[in-house]
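Here is the structure we will look at.
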Amino acid sequence: MSAYTHQDPRLHGIKTKIRVVPNFPKSGIMFQDITTLLLDPKAFKDTIDLFVERYKGKNISVVAGIEARGFIFGPPIALAIGAKFVPLRKPKKLPGKVISQEYILEYGRDCLEMHVGAVETGDRAIVVDDLIATGGTLCAAMDLLERVGAEVVECACVIELPELKVHTYIYDRVVNV
Amino acid sequence: MSAYTHQDPRLHGIKTKIRVVPNFPKSGIMFQDITTLLLDPKAFKDTIDLFVERYKGKNISVVAGIEARGFIFGPPIALAIGAKFVPLRKPKKLPGKVISQEYILEYGRDCLEMHVGAVETGDRAIVVDDLIATGGTLCAAMDLLERVGAEVVECACVIELPELKGRERLNGKPLYVLVEYFEI
């Protein structure tokens, strides 16, 4: 489901603030740069407001944010809806006991980690990142949360790249602005 | 300046939520883990509110946050005071044209980058990170901002480790922290 098709008037301003950088990090990739959105206080606030309006009052107890750009959008949402913020990090960054989830990259593997005890059975969670591409990282994030007994209510991203093949399991539960 | 000494009633709740993890990332280091603070919505909100109360109405146009834990505290402050949020990142993460500032680590060097054009001459900036230790990273951040003509009004951290003397390394720039941690 895309908020853009419902034409909230704030969306146009948000979309125009995202800068596309060609050939980053490698040739052929059109990188979606959200840092220019963060330079516009109104557009950044509108972005957060759109998510908050969707999730407030839905009993969401956890906002999980994927390192590092999920750390920019997740905490303001968590603060506004009164949920815990849980950072999901690359290996060896979290200091306490962690659970890990490996996932496949185009070439090779990567790993996402979450602190043991941060999320509990019965927690209702959303996963936040700036962008969904293939969905591999979001899948790993959902796996971590479900392994500790949380319910992943929805994934929330600022940007979706529909041209990339997204596994249908995650597509059903993805919301984008 | 530490808010803790002025005994704002919210500070005790914040300090007790920070978890100390011994021997991370290596033996002898008592790591200050703020993730447990983020699990308490009231304490996390209080943390942000304390910074917002300090900086609102002071014409701060830029909140610069240091990757990655500065990304957790910086944006909520920026949103509340109506400032731009500018991420300062490790090398090769930012996609556009960048300026870089090297800094010295205990063993070796590291580098912080900022997008060209994000900050302009005349911008009034604060730098946000979860913790100040030796002050090396904060110094690099201030250098980046000053090189493009911004005025660094203050550095703002949740935690200070005063024994590491980071405050002195900031060359007279004001530092505001919420809590101090002493090993002794």
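The values are calculated or read from the model by the stated rules, or taken from the named source; none is laboratory data. Computed from a predicted model, the values in this text were never measured in an experiment. Glycine also receives a Cβ, built like all others from the backbone with ideal geometry; neighbour counts cover every protein chain displayed. Surface areas here come from the heavy atoms of the whole protein model, side chains and all, with no ligands, DNA or RNA. Shrake-Rupley method; radii C 1.70, N 1.55, O 1.52, S 1.80 Å.
Identify the single condition in (1) more than 9 Å from chain A (Cβ to nearest Cβ); (2) more than 30 Å from residue A:21 (Cα to Cα); (3) open to solvent by less than 10 Å² (accessible area, probe 1.4 Å); (4) out of contact with any Leu (no Cβ under 9 Å at 6 or more places or on another chain) that residue B:38 does not satisfy, given that it satisfies every other one.
Status for residue B:38: all satisfied but (1).
Would you pick out the residues in the range B:89-112 that are within 11 Å of another protein chain (Cβ to nearest Cβ) and either of a type outside the set (D, E, K, R) or crowded, with 19+ Cβ neighbours inside 10 Å (or both)?
Once the filter is applied, which keeps residues that are within 11 Å of another protein chain (Cβ to nearest Cβ) and either of a type outside the set (D, E, K, R) or crowded, with 19+ Cβ neighbours inside 10 Å (or both), the range B:89-112 yields B:89, B:94, B:95, B:96, B:98.
Let me spell it out: the conditions are (1) out of contact with any helix residue (DSSP H, G or I) (no Cβ under 8 Å at 6 or more places or on another chain); (2) surrounded by fewer than 13 Cβ atoms within 10 Å (Cβ to Cβ), and residue B:33 meets all of them except one. Which number is the exception?
Among (1) out of contact with any helix residue (DSSP H, G or I) (no Cβ under 8 Å at 6 or more places or on another chain); (2) surrounded by fewer than 13 Cβ atoms within 10 Å (Cβ to Cβ), the lone unmet condition for residue B:33 is (2).
Restricting the search to the range B:70-88, which residues are outside any strand (DSSP E or B) and crowded, with 22+ Cβ neighbours inside 10 Å?
Of everything in the range B:70-88, those that are outside any strand (DSSP E or B) and crowded, with 22+ Cβ neighbours inside 10 Å turn out to be B:70, B:71, B:72, B:73, B:74, B:75, B:76, B:77, B:78, B:79, B:83.
Please determine, by comparing only the residues of the range A:125-166 that are among the charged types (D, E, K, R) and away from chain B (no Cβ under 14 Å), which one is most open to solvent (accessible area, probe 1.4 Å).
Among those that are among the charged types (D, E, K, R) and away from chain B (no Cβ under 14 Å), it is A:165.
I want to confirm something. Restricting to the range B:41-69 and keeping residues that are in contact (Cβ under 8 Å) with a residue 40 or more places away in the chain and in a helix (DSSP H, G or I), which single residue is farthest from the other protein chains (Cβ to nearest Cβ)?
B:54
In the range A:133-151, is there at least one residue being at pLDDT below 95, farther than 30 Å from residue A:16 by Cα and among the β-branched types (Val, Ile, Thr)?
No.
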